[in-house]
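Remarks on the structure that follows.
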Amino acid sequence: MTSGDNYLFRAAELLAKAEGESDPEKRTELENLGRAFLRLAEQARRNSETDVTYEPPSPKLEDTEKDP
């Protein structure tokens with residue numbers, strides 16, 4: 001299971017829990033958390049499609065000429 005799948009699973013849990021919540025404030029918070037996990041799932045999907053290559057920085061050339 002990928003991290004994106006984990007986020008989707010958690011989002012589904014939270015949104016289902018929100019549907020059964022009678023307290024409007026708790027329902028809103030659970031819905032917000034569910035939507036946040038959906039955004040995380042989408043970000044994880046995009047990240048999985050990105051090929052990241054690390055390139056170390058070029059070495060700095062030291063000044064060989066210094067003023068006395």
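The values are calculated or read from the model by the stated rules, or taken from the named source; none is laboratory data. All figures in this text were calculated on a predicted structure; none of them were measured in a lab. Every residue, glycine among them, receives a Cβ derived from its backbone with ideal geometry; neighbour counts consider all protein chains shown.
Mind listing whichever residues of region 3-40 are at pLDDT below 95, of a type outside the set (S, T, N, Q) and in contact with a helix residue (DSSP H, G or I) (Cβ under 7 Å, 6 or more places away or on another chain)?
Once the filter is applied, which keeps residues that are at pLDDT below 95, of a type outside the set (S, T, N, Q) and in contact with a helix residue (DSSP H, G or I) (Cβ under 7 Å, 6 or more places away or on another chain), region 3-40 yields only GLY4.
So is ALA44 modelled with pLDDT of 95 or more, small (Gly, Ala, Ser) and within 25 Å of the chain's Cα centre (by Cα) or not?
No; evaluated as a whole, the condition is false for this residue.
For the structure I just gave you, tell me whether LEU14 is surrounded by 10 or more Cβ atoms within 10 Å (Cβ to Cβ), free of Cβ contacts under 8 Å to residues at least 24 places away in the same chain and touching a Phe, Trp or Tyr at 6+ places or on another chain (Cβ under 8 Å).
Judged against the criteria, LEU14 is a match.
Going by the structure shown, is LYS66 at pLDDT 95 or above and either more than 16 Å from the chain's Cα centre (by Cα) or exposed (fewer than 14 other Cβ atoms within 10 Å of the Cβ) (or both)?
Numbers: at pLDDT 95 or above: no; either more than 16 Å from the chain's Cα centre (by Cα) or exposed (fewer than 14 other Cβ atoms within 10 Å of the Cβ) (or both): yes.
No, not satisfied.
Cβ-Cβ distance below 6 Å, separation of 6 or more or different chains: which pairs start in region 28-41 with a residue that is within 9 Å of LEU14 (Cβ to Cβ) and end on one that is of a type in the set (Lys, Arg) and surrounded by fewer than 16 Cβ atoms within 10 Å (Cβ to Cβ)?
From residues that are within 9 Å of LEU14 (Cβ to Cβ), the pairs are LEU30/LYS17.
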